[in-house]
Amino acid sequence: MRIALTCTLAVSVSLAALATAQAQKAAAPVAIPAGIPAAAVPAPAAMPAPAAKPAAAPAPAAAAAPAPSGLPPAPKVAAPACANPNALGVSRTVEIDTTGAPGFGFEHFKQYDFLKPNEVVLTFDDGPWLTNTPAVLKALNEECVKAVFFIIGKHATYYPEILKQVAAEGHTVGSHTWSHKDLSKKSVEEATEEIEKGISAIKVSLGDTPAPFFRFPALKHPPEMVAYLGTRNIAMFSTDMDSFDFKFRKPEQIVSTVMAKLKKHGKGIVLMHDFQHGTAQAVPELLKQLKAGGYKVVHMKAKGKLASVQKYDDMVLKELGPAMANAKPIDSVVRTVGE
Ligand SMILES: [Zn+2]
């Protein structure tokens, strides 16, 4: 999200508290070599921060391991089988060695040109969110497509069940800070807290840490925090094609923008927002047009597993309140016994 969202986001976020209260409740991997931390170039535009109060009760946090210097291997999780024989599907799965914080997305990072002509990576930011994220998941599921979701920590704590659905359906869960602050305007300490609390919030809400994949809010890359990600071996994601879906709103405009940019670039990482209603409406048609246009979807996964930092897990749990530490999975507490 960028500047244009200021008003919308403020409205959305105040609606969030309300909504939360009401609602709550492949192919063989191809290894990408790890590299030297990529140079960061700041992008224009600032970003407002969501600031609603969490009301949901996420799953309990397991004990966190301290940040390692290298990452242990990620467990292999089998993706659900594809029920649609004519689906767009995933043509290739790539495994990323995030050692040294490689950067992806040519808008800022040009080192790793790993996509072949007509290959696209779909990424969705700022969720999980009511209605819109489930709609995006449904569309992806119907075409057996896997994407990368960059999650806002606070949103994860509002809608842990939706986040669990993202992970259960085989998508890659990356992180996108705790509250979507522009880190270029924060001290190193504050920016570190934003990044780490974002990771811890996913751990607390999902019961598992995100992949070591991170996208800076508003694609602003302060050099100190780029260096910090290097110490944490977390890959950075910019984009090749920004859908500007927060600006266009109308689903047909979002589809035509992405398709026009793809035609021009021929391949790339597409940035969209599952947070946006227009995007949720656009994804089915976008997938249809990708298939008709002969594009192939590549799924990016991490080779290693990220550990959260106990100190920030504790901070998140403290903010969420004492009940959170004892929260159980929702289906073990609330069960439908009659309709
Ligand atoms: Zn964002």
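Read-outs throughout are calculated quantities, based only on the coordinates presented, and are distinct from any laboratory measurement. Bear in mind the structure is a predicted one, so any value in this text is a computation, not a measurement. When we count neighbours, we look across all protein chains shown, and the Cβ atoms used for this are built from the backbone with ideal geometry, even at glycine.
Using the number of other C-beta atoms within 10 angstrom as an exposure proxy, rank K181, K164 with the fewest first.
K164, K181
What does the charge add up to near P212, with Lys and Arg as +1, Asp and Glu as -1, over the other residues with Cβ less than 14 Å from its Cβ?
+2
Around E119, with a cut-off of 13 angstrom between Cβ atoms, what is the net charge of the other residues, counting Lys and Arg +1 and Asp and Glu -1?
Residues close to E119 contribute a combined charge of +2.
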